[in-house]
Amino acid sequence: MSTEYVTVDLLVDGGKASPGGAMGPALGPLGVNMGKVVQEINKKTQAYAGMKVPVKIVVNKITKSFELEIGIPPASALVLKAANLPKGSGTPSKEIIGNITFPQLIDCAKAKWDDLTASTIGAACKEILGTMVCMGVTCEGKDPREVQKEIDEDKYEELLKEAAM
C-alpha cells in the first residue's frame with residue numbers, strides 16, 4: 001500500500017460503534033467524516049449485535065475517502081451467542097455453563113468458514129467444538145470431545161451432508 005493510504009484496525013461492538021474510544025484518536029487526524037464511518041460500520045455489523053467485530057478501515061489521506069473490511073467475530077463469540085450466554089466458563093473442564101444443538105454448531109462453523117483451516121463442514125464443526133471445550137459449553141448435552149468422535153464415526157452424516165458448503 002502506498003503512503004497515501006492508512007489502515008486502522010478496530011474491534012467494535014456489532015451495530016453499536018461510536019466515534020469515541022479508540023476510533024476518535026485513530027481516525028480524527030486523518031480528516032475522514034467520522035459520522036459516515038460510524039454509520040457504515042453500524043450498518044454492516046448489525047447482524048453481529050452483541051458481539052465484538054474486527055473492522056479494518058482503509059483511509060485515503062488525500063481524498064479523505066475510506067473503505068471498510070468487516071471481519072467475522074471470534075468462534076467463541078459465535079458459540080456464546082448460540083448458547084445465549086454472556087461469557088464462557090471460568091473453569092472450562094469442570095463447569096458446564098451452556099449447551100448448543102448440532103444445527104447451531106453447523107451455523108457457527110458456516111459463519112466462521114473463511115477463517116478456519118477446515119476443508120469440510122465436519123472438520124469445521126470439529127474446530128468449533130475444540131473452542132467449546134475451553135468455554136464450558138456442550139453440544140447436544142455431550143462433551144465437545146465426544147461429539148468430535150461422533151463426527152468421525154459419521155453419526156451426524158446426514159446433517160453434515162445437508163449443510164455441505
Taking segment 25-38 and keeping residues surrounded by 13 or more Cβ atoms within 10 Å (Cβ to Cβ) and outside any loop (DSSP other than H, G, I, E, B) leaves Ala26, Leu27, Leu30, Met34, Val37, Val38
Examine segment 16-23 for a residue that is assigned to a helix (DSSP H, G or I), without any contact (Cβ under 8 Å) to a residue 40 or more places away in the chain and more than 30 Å from Gly122 (Cα to Cα), and state whether such a residue exists. yes
Scanning segment 127-138 for residues that are over 16 Å from the mean Cα position of the chain (by Cα) and of a type outside the set (Gly, Ala, Ser) gives Val133, Cys134, Val137, Thr138
Would you check if Lys43 is in a helix (DSSP H, G or I) and closer than 28 Å to Asn84 by Cα? yes
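Only the coordinates and a few stated rules stand behind these numbers; no lab work does. Given the structure is predicted, the values throughout are model-derived calculations rather than measurements. With ideal geometry, Cβ positions are generated from the backbone for all residues, glycine too; neighbour counts draw on all protein chains shown.
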